[in-house]
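Inspection log for the structure reproduced underneath, given as structure tokens.
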Amino acid sequence: MIKNYLKIAFRNLVRDRAYSVLNLLGLAVGLASVIMIMGYVRYELSYDTCYGNYPQVYRLIQEDKPGSTTPLRVNVNEGMGSVLKSEFPGIVASSPVGWQNIQFKNHDDIVKIKALSGTTDFFRIFNFPFITGNQQTALKQPGSIVLTESTTHKFFKGQNPIGSIITDSYGKIWHVTAIIKDLPLNMHLSGDAVTSDDQPYEAFNMNNYTSMPQYVLLNKNTDPNKLDAQFKSIYKKYKFPEGTGVHLQAVTDIHLRSHYFSEISVNSDIKYIYIFSCIALLILFIACINYINLTTARSLQRAKEIGLRKVLGAVRKQLIFQFLTESFLFFLISTVLATVIAYALWPVFAAKITAYQQVIPLFDVKLMVGILLVFVVGGLLSGAYPAFFLSSLQPVKVLKGLSKFGINVSLRKALVILQFTISGVLIISTLVVNQQLNYIGNARLGFNKDNLLTLPFNMRNSHANIFKAELAKNRNIQSVTLASWRMGESLGGWNNFKDLNDTTKELRYNYVEADVDFIKTMGIHILQGRDFSPAYAKDMISPDSAWRFTKNMTSDEKNKFSESLPIMMNQAAVKALGLTDPVGQTLTKHVKGTVIAVVEDFNGLSLHQKIDPVIIHSDQVSRNGGQLYIRVSSANTSKTISFIETQWKKFYPNNRFEFVFTDDKLQQLYTADKRLGALFDIFSSLAIVIACLGLFGLISLTVQNRVKEIGVRKVLGASVFDITRLISLDFVKLVFASFIISSPIAWYFMNKWLQDFAYRINIEWWVFALACGLSVFIALATLSFQSVKAAMANPVKSLRSE
């Protein structure tokens with residue numbers, strides 16, 4: 001029997017090729033989209049599950065006092081992990097985890113690697129697979145380094161590196177103790193090596209200045225929730241400040257659910273997983289609606305077949321099974337085709353939607369099970385209504401030739417509205433997301449980001465003044481400055497002070513330490529006062545080096561000296577401190593210094609956040625660390641960069657020359673938002689294409705069922721325009737109705753998304769008008785082909801056949 005059902009299904013496929021191609025293409029495209037999104041979502045959810053004991057690995061999170069600007073942070077006071085390990089038997093291992101970029105001379109090249117650091121418990125917590133070496137002793141000795149497999153090949157091709165030494169650009173010697181497999185991409189910790197943490201830690205004290213990320217490994221039988229609650233029992237013993245505490249965070253929650261202050265890596269967001277998953281379901285839903293609509297609309301052509309089967313003894317159960325078999329066959333062919341499409345497009349999709357440096361694998365066992373589940377559920381749900389509907393047709397009415405026998409036209413219309421409602425939401429969302437991305441890409445930042453190079457400058461005995469002087473000899477280099485501001489990451493440092501309007505809360509101010517060329521190089525506008533200048537002796541003294549001038553002073557004299565040092569502040573700082581006419585004022589509370597200028601608010605972090613109060617301290621150019629900013633002319637840029645590189649290699653031969661344009665660096669802040677924009681671009685287009693395929697099929701079947709009516713109207717004098725309008729008008733009404741529904745839905749969700757930006761657009765009325773017009777235009781283009789073709793057909797042929 002099943003064999004016969006399959007034969008009939010294949011005959012129907014071949015007999016009505018146009019219908020079959022439309023249906024299969026719509027399903028295949030929809031399923032391919034679902035498969036690719038499932039692959040991405042599966043990979044995102046797999047973060048930090050790549051080592052065997054991940055269910056027992058937790059990160060410590062410090063909760064600060066109420067009102068703090070950083071209520072939860074990942075940098076906890078040094079020694080916190082060791083104390084918790086000694087106090088609670090449920091914790092079996094603890095280690096701080098830091099990271100640094102280390103540069104090594106390798107033949108004629110400078111190799112920069114990212115090195116994680118930890119104590120001897122590091123590999124007990126993160127039990128990465130070892131190739132050679134001892135996991136328990138690999139980080140026991142100071143100066144130990146464990147290399148990943150690919151990093152080993154850079155330094156020791158075909159050699160056994162264990163026991164060898166490598167020397168970094170500062171002359172520090174590192175002893176290679178072990179080799180591990182390359183760290184997988186789906187980890188929030190990434191690196192090319194792991195080094196021993198050589199820092200001498202002080203005894204745990206909540207007033208310690210030093211803090212760092214710390215991880216713990218729990219006993220398998222330990223309940224993390226109960227253990228977290230038990231931490232309160234030691235707060236008094238270790239003198240935790242009121243309202244301050246420590247909590248456990250599962251390592252698997254970090255990538256998608258953690259956005260705390262000083263994260264060790266740039267994390268994604270669980271909301272994007274929800275958005276991607278919803279879009280996948282919506283695309284699949286549209287494709288399934290196509291199948292239902294086209295199958296029920298085509299039922300007029302199969303009515304006699306159903307009637308004859310019932311007269312010849314077929315029971316309803318057999319007919320339901322037959323149509324479900326056809327549905328599953330459609331889904332099977334579509335799924336195979338979709339798998340091929342997904343496999344072919346995956347590299348392009350992964351590069352566009354994900355932030356990974358290499359193509360992540362698409363298929364694995366979990367995804368194949370997911371595809372099978374989609375096939376079964378999709379085939380069942382899509383085939384259920386047509387199967388039950390077609391099997392319910394009465395043979396007497398059908399065989400009498402009645403053309404209207406209870407087909408639920410209203411349901412088909414509702415499904416078309418639903419299709420275009422989903423498409424409308426995606427189109428409006430696409431327009432809003434792209435408008436916001438364009439806004440943040442062209443927003444006024446308060447400084448000039450064009451033609452501005454930045455590169456890390458962490459040198460010892462740097463001779464920065466001489467280096468700057470050499471660069472200034474090139475006429476295409478307009479200005480150079482050295483500052484603590486790391487573009488897109490931090491301004492250098494920060495501190496808190498009480499909110500003047502609400503003393504239960506704190507405000508945060510950032511401070512920038514920079515040399516006298518900072519304002520000129522960055523193009524920041526001074527609103528009041530003067531710039532830093534070498535003509536003023538105190539402009540060349542940084543707060544960090546002031547101790548050299550004050551070591552023989554009394555406490556009062558030291559305070560007065562610190563208060564006399566020049567500072568600049570932005571408009572936000574003036575407002576937060578409640579100052580009027582601040583230039584010339586000496587500040588003694590919250591912020592210390594004499595204000596020499598007020599500058600325009602500038603934002604070099606992210607437009608997701610409001611501009612914080614900023615204090616700019618003068619710092620002499622000989623400082624050893626920070627970022628170098630070089631303002632270059634737009635002419636001969638490549639030659640100018642080559643000149644800078646030549647001078648860099650001359651002054652710093654052991655350090656890699658790595659620069660980036662500031663505007664490119666800032667654009668990286670919106671990678672996740674751009675992925676969302678790309679996602680909406682792709683899938684709103686797909687949604688429209690799939691919906692139009694269904695619309696094309698429906699209009700084709702409508703024309704076939706109304707061919708006699710069209711012939712009669714033409715004989716009675718109806719024009720081509722009249723007939724085209726008659727056929728298309730009902731469908732256009734459905735598209736308009738869909739946008740009445742989709743507009744408030746899209747507005748609600750896009751308004752929610754825009755709340756993540758401190759600086760954002762307003763959603764204008766024309767966005768909805770444009771989206772509606774676009775959808776109507778596409779629908780009309782789809783409808784007009786078949787409508788005009790039917791209207792221009794010779795009525796003699798259609799009437800002669802009746």
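The values are calculated or read from the model by the stated rules, or taken from the named source; none is laboratory data. These numbers were taken from a predicted model, which means no experiment stands behind them. Here the Cβ positions follow ideal geometry from the backbone for every residue, glycine too, while neighbour counts run over all protein chains shown. Calculation scope for accessible area: heavy atoms of the full protein, side chains included, ligands and nucleic acids excluded. Shrake-Rupley method; radii C 1.70, N 1.55, O 1.52, S 1.80 Å.
I'm checking my understanding of the structure. Among residues of region 329-352 that are buried (at least 20 other Cβ atoms within 10 Å of the Cβ) and of a type outside the set (Gly, Ala, Ser), which one is modelled with the highest pLDDT? In this case the residue turns out to be 335.
Only one residue in 777, 721 is assigned to a helix (DSSP H, G or I), more than 28 Å from residue 30 (Cα to Cα), open to solvent by 20 Å² or more (accessible area, probe 1.4 Å) and at pLDDT 75 or above. Which one? Lay out the reasoning, then the answer.
Details: 777 fails: more than 28 Å from residue 30 (Cα to Cα).
One residue alone meets the criteria, 721.
Test residue 28 against the stated conditions and say whether it is out of contact with any Lys or Arg (no Cβ under 6 Å at 6 or more places or on another chain), at pLDDT 70 or above and open to solvent by less than 10 Å² (accessible area, probe 1.4 Å). Yes: the conditions hold for residue 28. Residue pairs whose Cβ atoms lie under 7 Å apart, sitting 6 or more positions apart in sequence or on different chains, and linking a residue in region 657-670 that is closer than 26 Å to residue 269 by Cα and open to solvent by 40 Å² or more (accessible area, probe 1.4 Å) to a partner that is among the small types (Gly, Ala, Ser) and in a loop (DSSP other than H, G, I, E, B), are 665/488; 668/488; 669/488; 669/606.
If I ask for residues that are of a type outside the set (Gly, Ala, Ser) and modelled with pLDDT under 80, which ones from region 12-25 would you list? If you could, list the steps in order and put the result at the bottom.
Here is the first cut: in region 12-25, the residues of a type outside the set (Gly, Ala, Ser) are 12-17, 19, 21-25.
Residues satisfying the conditions are 12, 13, 14, 15, 16, 17, 19, 21, 22, 23.
Out of 268, 262, which single residue is small (Gly, Ala, Ser), touching a residue at least 40 places away in the same chain (Cβ under 8 Å) and buried (at least 19 other Cβ atoms within 10 Å of the Cβ)? So the residue among 268, 262 that is small (Gly, Ala, Ser), touching a residue at least 40 places away in the same chain (Cβ under 8 Å) and buried (at least 19 other Cβ atoms within 10 Å of the Cβ) is 268.
Just one residue in the set 243, 171 is in contact with a Lys or Arg (Cβ under 6 Å, 6 or more places away or on another chain), open to solvent by 20 Å² or more (accessible area, probe 1.4 Å) and at positive phi; that residue is 243.
Quick check on my filter: what residues within region 196-219 are open to solvent by less than 60 Å² (accessible area, probe 1.4 Å) and at pLDDT below 75? Listed by number, the list holds a single entry, 208.
Residues that are touching a helix residue (DSSP H, G or I) at 6+ places or on another chain (Cβ under 7 Å) and among the polar types (S, T, N, Q) within region 64-121 comprise 94, 95, 106, listed in sequence order.
Answer with yes or no whether residue 254 is open to solvent by less than 60 Å² (accessible area, probe 1.4 Å) and out of contact with any His (no Cβ under 8 Å at 6 or more places or on another chain). Lay out the reasoning, then the answer.
Details: open to solvent by less than 60 Å² (accessible area, probe 1.4 Å): yes; out of contact with any His (no Cβ under 8 Å at 6 or more places or on another chain): no.
So residue 254 does not fit the description; no.
With respect to (1) closer than 30 Å to residue 731 by Cα; (2) surrounded by fewer than 19 Cβ atoms within 10 Å (Cβ to Cβ), the lone exception for residue 652 is condition (1). Whether any residue in region 760-769 is open to solvent by 30 Å² or more (accessible area, probe 1.4 Å), at negative phi, in contact with a Leu (Cβ under 7 Å, 6 or more places away or on another chain) and part of a loop (DSSP other than H, G, I, E, B) is what I want to check. Within region 760-769, one or more residues are open to solvent by 30 Å² or more (accessible area, probe 1.4 Å), at negative phi, in contact with a Leu (Cβ under 7 Å, 6 or more places away or on another chain) and part of a loop (DSSP other than H, G, I, E, B).
Residue count for region 523-538 under the criterion of being open to solvent by less than 80 Å² (accessible area, probe 1.4 Å) and part of a loop (DSSP other than H, G, I, E, B): the result is 6.
At pLDDT below 90, crowded, with 16+ Cβ neighbours inside 10 Å and more than 27 Å from residue 445 (Cα to Cα): is that true of residue 746 in this structure? In short, no.
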